[in-house]
C-alpha cells in the first residue's frame with residue numbers, strides 16, 4: 001500500500017516537474033535568446049553547478065526513496081488487523097440481525113452454508129435458504145440465544161483460526177467462520193440445553 005502511494009507521489013512530482021519546464025502556449029510568438037559563455041571557465045562552473053544542484057524530479061525521487069517500505073512483519077500485522085476488523089464488523093451486523101431480524105431472507109445473507117445447529121445432543125444441518133425457512137426463526141432465535149447475543153461485545157470477542165464465538169458459551173451462541181472464499185458468516189448455532 002505504501003509502495004503504491006510512494007510511486008503515485010513520484011509520478012505526480014515527475015509530471016509537475018515536466019510541466020514546469022514546458023512553455024505555455026499563449027498564441028504569441030516566443031522569442032528566445034541564448035547567452036554565449038564568456039570564457040571556458042564560466043562554462044565549466046555552470047556545468048559543475050548543474051551537476052551539484054538536484055532537479056525537482058531528483059529531489060522528489062530522493063524523498064520517495066527515504067520513505068521506508070513496510071517490513072513483512074508490519075504487513076502481516078496490518079493484514080491481521082484488517083482481518084480482525086472485518087470479523088468484528090460482521091459480528092456486529094450478525095448481532096443486530098439476530099436481535100432485531102424478522103425474516104429468514106435477511107439472516108440468509110449472513111449464513112455460510114452448511115450451518116450446524118447443535119441443541120444439546122441433537123445436531124441438524126442447514127444447507128441452504130430452503131432448509132433455513134423450514135427450520136424457521138422461532139427454532140433458532142430462542143430466548144437464551146437472543147439474550148446471549150445481545151449481551152455479547154463484538155469488540156472483545158476472541159478470533160482464533162478464522163473462527164469466533166458470539167454469545168455465551170455457557171448458554172447459547174453462534175460461531176462465525178470463514179468459508180473457502182474468505183467470506184465471514186454464521187457457521188453454527190449452538191445451544192447448551
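Nothing in this text is a laboratory measurement; each read-out follows from the coordinates by a stated rule. Being a predicted model, the structure only gives us computed values, none of them experimental. Cβ coordinates were reconstructed from backbone atoms using ideal geometry, including for glycine residues, and neighbour counts include every protein chain displayed.
Results, tabulated for the structure shown:
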item	result
Checking residue 79 against (1) surrounded by fewer than 12 Cβ atoms within 10 Å (Cβ to Cβ); (2) assigned to a helix (DSSP H, G or I); (3) touching a residue at least 24 places away in the same chain (Cβ under 8 Å), the condition it does not meet	(3)
Hits in region 119-128 - residues which are exposed (fewer than 15 other Cβ atoms within 10 Å of the Cβ) and either in contact (Cβ under 8 Å) with a residue 24 or more places away in the chain or in a loop (DSSP other than H, G, I, E, B) (or both)	120, 121, 127, 128
Of all residues making up region 119-139, the number that are within 25 Å of residue 86 (Cα to Cα) and touching a helix residue (DSSP H, G or I) at 6+ places or on another chain (Cβ under 8 Å)	3
Considering residues of region 141-185 that are in contact with a helix residue (DSSP H, G or I) (Cβ under 8 Å, 6 or more places away or on another chain) and in a helix (DSSP H, G or I) only, the residue surrounded by the most Cβ atoms within 10 Å (Cβ to Cβ)	149
Unmet criterion (only one of (1) assigned to a loop (DSSP other than H, G, I, E, B); (2) touching a strand residue (DSSP E or B) at 6+ places or on another chain (Cβ under 6 Å)) for residue 188	(1)
When residues of region 92-106 are limited to those that are free of Cβ contacts under 8 Å to residues at least 40 places away in the same chain and closer than 15 Å to residue 166 by Cα, the one surrounded by the most Cβ atoms within 10 Å (Cβ to Cβ)	97
Test: residue 132 is assigned to a helix (DSSP H, G or I), surrounded by 14 or more Cβ atoms within 10 Å (Cβ to Cβ), free of Cβ contacts under 8 Å to residues at least 60 places away in the same chain and touching a strand residue (DSSP E or B) at 6+ places or on another chain (Cβ under 8 Å)	yes
